[in-house]
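Every number here is computed from the coordinates shown, using simple stated rules; none is lab data. Quantities reported herein were computed from a predicted structural model and do not represent experimental measurements. Backbone-built Cβ (ideal geometry, glycine too); neighbour counts: all protein chains shown.
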Amino acid sequence: MNHLDHLESQSVYILREAYNRFERLGMLWSLGKDSNVMLWLARKAFLGRVPFPVVHLDTGKEFPETYAFRERYVQEWGLDLIGDACPPIELVDASLPPASRFAARKSLGLKQALARYRFDGIIAGIRRDEQATRAKERVFSPRGEDGAWDFKDQPPEFWDQYNVDFPPGTHVRIHPLLHWTEVDIWRYIAREEIPVVPLYFARNGKRFRSLGEEGITFPIDSEADTIDAIIAELENTRTAERAGRAMDHEAEDAFERLRTAGYM
Amino acid sequence: MSQSGSERRQPPLPIVIVGHVDHGKSTLVGRLLHDTGSLPEGKVEELKAQSDRRGTTFEWSFVMDAFQVERDQGITLDTTRIWFKTAARDYVIIDAPGHKQFLKNMVTGAANADAAILVIDAAEGLSEQTRRHAYLLHLLGIAEVVVVINKMDLVSYDHGRFDAVAEDARHYLKRIGIVPSVILPVSAREGDNLSNRSRTMPWWTGPVLVEALDAVQARPAADDRPLRLPIQDVYREDEKRVFVGRIETGRLRVGDIIEFSPGGRRAGVASIEGWNTPTMLSAGAGQSVAFTLDDDVFAERGQVASHPEHLPREARQLQVRLFWLDRAPLKEGDRLDLRLATASHPVTVEAVRSVIDVESLERREAETVQVNEVAEILLRSPTPIWFDRAADSLATGRAVLARDYRLVGGCIVTGEQSVAATRANITPVAQSVTREEVAAANGHLGGVLWLTGLSGAGKSTLAMGLRRRLFERGRQVFVIDGDNLRHGLNSDLGFTPEDRAENIRRAAEVARLFADAGAVAIVALISPTRADRDHARRIVGDGFQEIFVRASLEACEGRDPKGLYAKARAGKIPESTGVSAPYEEPDTPALTVDTEAYGRDKAVDVLFEFVERRFALGRAAGRTVR
């Protein structure tokens, strides 16, 4: 087994654990590269189908290419899509900086989905290497009724024995990509030929390295117009992946505040 | 898409750095990153300039501190995973030092490491924390250990001092079963013997740290060991059942005969399934697989597939060595959940044998185990546990303990009281009349109709009505009622979860005897959990039919034939199913009878038709799969 085989096997194991242990499972599908890899791994785990709904927290502000991608692959992959609109920005904590406020709409959208569909397990495609506060995550991470995350007092997790029993009212975030890195993701996309939104590939010297909403996500300077070129670029970069995400940089603690309040 | 070169790249070797908090772990990592060229350009110059401005002396641990500050600001790297590379391979340092650690976090990180660097201060020697960390490495099964005697600059690079500390370390590690690959002298601060050979210690001719790390073997693939494939789940794909799980050790090949433990049922492997992957005829350790069988045997999560010639052990009492992570101490009589591979067992702490003093390695008698202590304890389970001894196979010889929704400890299995020993003198006697002969004489097959549902749903009423109808048709039939059993066979049982499970187990065993005798045994038992009903299904085997007698909680409460709901609402019955304890509806019952939609007679009709069809001669009793 090579490195990608190991990563895949571990993710498949996690997804099967989640499917076995939770009654009402949903998978967040942001339409980005990571969540496409995650969907792909679910099809690996469940032999071609995705046996739970995929949830797109729709702010109505995605790029047109992103929506086109969604329409196409919902059909092609036979997905059970939940694409409810997130609550309006007026309902968001006004003390957050502007781009974070934007992102916080997704937290509200998630809360809305949790209440509406009574999910007890939510699968999310975050990775340890992409953002500092995400590095401390567990694979199975319990949340309170309000979705809050107590990262200072997390249960231990080892030997692939995940915390699966929780008091009523909690839901669990499951992170099958936690151990992947950005370049692993691209190598796997290349190996498996997984489709991604074309915005990741350079046009006119710019490409999106991390994909969020229009207006709060910005492209980087890049000539990488193929997957191999992207992999080569990543092997040499010293810039952080989410540098183009405004919400990460507005205030020192903005992202941490978002996450403790339930953001992915 | 062509395969890029990175496809063939080996995974980074995960290492953990442990040792006493002041023995220089941060300095070692900072300097190691620098000496291997793994730091961003200009980082050290920037930190040195910063120190100059503040009038302080630059320290290599500032590198880690800087990461920490950046992490706190959410800017760049986190300190929980740091990558570096040598000419030979990539490394990832898990849970890198630099912040205060709780043991539970150290365990969470270190459990994923393949190798460890144990850092010891040359001047201070081994401390209590050094030994505790080393002991945990042993329990976590990290055999590859490089010992670094650090701060040699503080002891004037003295060869004699190094030998003394090294001997001390070697002696301690040997007693806990660790043979370090190398014990070497370094000065992390001066960069001696990390990546560059020291000029100040010409007497040292062994490898420098980077050479020692590069010589560490990645954990060998466990393909050549006996097969252990714990069943994670069973999926139904069209007409076939697909078993899934991860191979912990050994290889699985199409055509192999495998045996499921506990239980002992065997079948051949018909196929290994996959999606968007080439056809597989075999799979090895570490792979998550899906497979089908050539025979319709029942197996479920928690069992393990092995080759019959290399079966795992089975026992109800396990001797384990545990590390305890919960603030609330562990004591005799405590009830915990033991999770070994995919199996989960409710266990009781039969005895705390001893607590191990990690300094002297002496065992002292104790009644409780405090947080962060290591102890030998005896666990007892009402049902058989499959396992290996940790010394034989670590992956299937260790387990975690959970309590109140949290993992509270981990343990390795050191011994057992075997089921085989207690059963050694029992040999089942073959019956002189076959099942087929009995079925032919009766005109129908024997089997078990397992009626589950809330109290008041109508199970006993339907069971008695059905028995009458079947009896009048000349069928061999008997009702096993949960409440009636509690007056006799099960009069020694109470209402704890363990006793309820035992109640169900006995009912299933009795029902099986009736079924073997050729009768249709109707069991009327709330049996609220899927796990218990699955257990019953496993005991009965072929001919088990799960019938869901459905009625809403409101309807049941309205009927309340035994006055249970009134008592439960008044708080007189703790853990009353439907009121304060959950009832898990069957996923795929063989039949659902809704007693709100049907009257009693209609419901009995439906059941009667079902039995006549399902237990008719000439068809194998069908069995449902979850």
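Assorted remarks:
- When Rg and the Kirkwood radius Rh are both evaluated on Cα atoms of region B:435-498, their ratio Rg/Rh stands at 1.06.
- The fraction of Cα-Cα pairs per 5 angstrom bin, counted from 0 for region B:517-556, comes to 5, 17, 28, 23, 13, 8, 4, 1 percent, rounded to whole percents.
- Cα point-scatterer Debye curve for region B:85-201, base-10 log of I(q)/I(0) at q = 0.20 Å⁻¹: -1.21
- Per the Debye calculation on chain B with a single equal scatterer at every Cα and no solvent contribution, log₁₀ I(q)/I(0) for q = 0.09, 0.10, 0.12 Å⁻¹ amounts to -0.88, -1.00, -1.24.
- Residue pairs, from the table B:25/B:85; B:25/B:151; B:240/B:459, whose Cα atoms sit over 21 Å apart: B:240/B:459
- Every Cα-Cα pair of the protein assembly as shown was included, and the share exceeding 57 Å stands at 15 percent.
- Relative packing of A:59-65, A:98-104, B:359-365, B:225-231, which averages over residues the other C-beta atoms within 10 Å, highest first: B:225-231, A:98-104, A:59-65, B:359-365
- Only helical runs count toward this figure. For chain B, summing -39,500 (n - 2.57) over DSSP H runs of n ≥ 4 and dividing by all residues gives -8000 deg cm²/dmol at 222 nm.
- Listed by chain and number, the aspartates and glutamates whose alpha-carbon sits under 14 Å from that of residue B:43, ignoring those within fewer than 8 places in the same chain, are B:35, B:59, B:65, B:70.
- Listing A:74, B:269, B:549 from fewest to most neighbouring C-beta atoms within 10 Å gives A:74, B:269, B:549.
- Calculated from backbone phi, Karplus (6.51, -1.76, 1.60) coupling profile of region A:22-38 in Hz, x at Gly/Pro: 10, 6, 10, 10, x, 10, 6, 10, 7, 6, x, 4, 5, 6, 5, 4, 5
- Peptide A:1-13 is shielded by partner chain Cβ atoms: per residue, an average of 5 of them sit within 10 Å of its Cβ.
- Highest-first arrangement of A:32-44, B:124-136, where packing means the average Cβ count within 10 Å: A:32-44, B:124-136
- Per residue, the convex hull around the alpha carbon atoms of region B:157-231 comes to 143 Å³.
- Orientation-averaged projected area, Cα convex hull of chain A (nm²): 13.6 nm²
- Relative to the dominant Cα principal axis of chain B, helix B:61-72 is inclined by about 40°.
- Derived value for region A:39-127: Kirkwood hydrodynamic radius 14.6 Å. Basis is the mean of 1/r over every pair of different alpha-carbon atoms.
- Principal axis dimensions, largest first and in whole angstrom, of region B:461-523 by Cα: 40, 25, 16
- The GluC sites (Glu not before Pro) of region B:198-289 that DSSP puts in a loop, and whose beta carbon has at most 12 other beta carbons within 10 Å, are B:239.
- Rounded to two decimals, the Cα radius of gyration of region B:478-626 over 2.2 N^0.38 Å is 1.08.
- For region A:32-88, a/c is not less than 1.5, where a ≥ b ≥ c are the root eigenvalues of the C-alpha gyration tensor, and a/b tops b/c. That puts it in the prolate class.
- Largest to smallest principal axis extent of the C-alpha atoms in region B:437-566, angstrom: 48, 30, 25
- Every Cα-Cα pair in region B:125-275 was counted, and those over 28 Å apart are 46% of them.
- Principal semi-axes of the equivalent ellipsoid, √(5λ) from the alpha carbon gyration tensor of region B:140-195, are 22, 14, 7 Å from largest down.
- Note on chain A: GNM, Cα springs under 10 Å; of A:168, A:176, A:155, the largest mean-square fluctuation is that of A:168.
- Region B:255-393 - convex hull of alpha carbons, volume per residue in Å³: 146 Å³
- Partner shielding of B:111-122 amounts to 1, given as the average count of beta-carbon atoms from other chains within 10 Å of each residue beta-carbon.
- Taking every C-alpha pair closer than 8 Å and separated by at least 6 residues, the mean separation divided by the residue count of chain B gives a relative contact order of 9 percent.
- Counting Cβ atoms of other protein chains within 10 Å of each residue's Cβ and taking the mean over peptide A:41-49 gives 4.
- Applying a DSSP loop filter and a limit of 15 other Cβ atoms within 10 Å to the trypsin sites (Lys or Arg not before Pro) in region B:478-575 leaves B:562, B:572.
- Qualifying GluC sites (Glu not before Pro) in region A:5-44, where qualification requires a DSSP coil assignment and no more than 15 other C-beta atoms within 10 Å, comprise A:23.
- Within straight-line reach of residue B:572, meaning a Cα separation under 22 Å, sit the following lysines at least 8 residues removed in sequence or on another chain: B:562.
- Helix B:43-54 vs. chain B, principal-axis angle (Cα, 0 to 90°, nearest 10): 60 degrees
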